[in-house]
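Student: Mind having a look at this structure? Questions to follow.
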Amino acid sequence: MKLEILQVPECPNALLLERRITEAVAGEHIDVEITHRVLNDQAAATEAGMTGSPTLLIDGQDPFAEPGSVPSVSCRLYRSDVGGIDGAPSVAALRAALNLAPADQSTEMPPLRSTAVHPRLETDPRSQHSARGGARRSPPTPPKRPFITPSCGRSQPAETLHR
């Protein structure tokens, strides 16, 4: 099966899509070839059928195409399994698009977690209690924002998204 990811240059969600494809086919007896095609102009997007980045083509067809979508060099958002939006289809949606049986929730790989150390934890003496047996402080949690930030780096108020 040939899978092609159409994307704009440096699309951060293209790698997310590829990781989810890998998760979706893990343990399956399926031969998958994944290629990336980087498109940076409207003519190329129209010719390829890219309706935002990333667009997945399975044997040349977009299984997530929505009626009225037009080719464009832009970010593409997908509906998540819980009703929100995401930068790539979920593993469950990919399994359905690939005609694979639904996976048991317990067999899906957990999301990647960052192992980066917060800079304050390394320099603030108040946070060095772990060296003396005390608890180390967690980095502060950023406040929730009323904006959805598409992968292209542009922000737009949540209420202006078209469904």
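Yes/no matrix, rows are residues, columns are (1) more than 15 Å from the chain's Cα centre (by Cα); (2) closer than 11 Å to LEU6 by Cα:
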| residue | (1), (2) |
| --- | --- |
| THR35 | yes, yes |
| LEU39 | yes, yes |
| GLY49 | yes, yes |
| PRO54 | no, yes |
| GLU66 | yes, no |
| LEU77 | no, no |
| ALA88 | no, no |
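Student: Would you check which residues across the range 27-43 are surrounded by 13 or more Cβ atoms within 10 Å (Cβ to Cβ), of a type in the set (A, V, I, L, M, F, W, C) and out of contact with any Pro (no Cβ under 9 Å at 6 or more places or on another chain) and list them?
Tutor: VAL32, ILE34
Student: If GLY52 meets every condition in (1) modelled with pLDDT of 95 or more; (2) at negative phi apart from one, which number is that one?
Tutor: (2)
Student: Out of all the residues in the range 46-91, which are out of contact with any Ser or Thr (no Cβ under 9 Å at 6 or more places or on another chain), in a loop (DSSP other than H, G, I, E, B) and farther than 29 Å from GLU28 by Cα?
Tutor: PRO67, GLY68
The values are calculated or read from the model by the stated rules, or taken from the named source; none is laboratory data. As the structure is a prediction and not an experimental result, all values here were calculated from the model. Don't worry about glycine lacking a Cβ; one is built from the backbone with ideal geometry, like all the others, and counts go over all protein chains shown.
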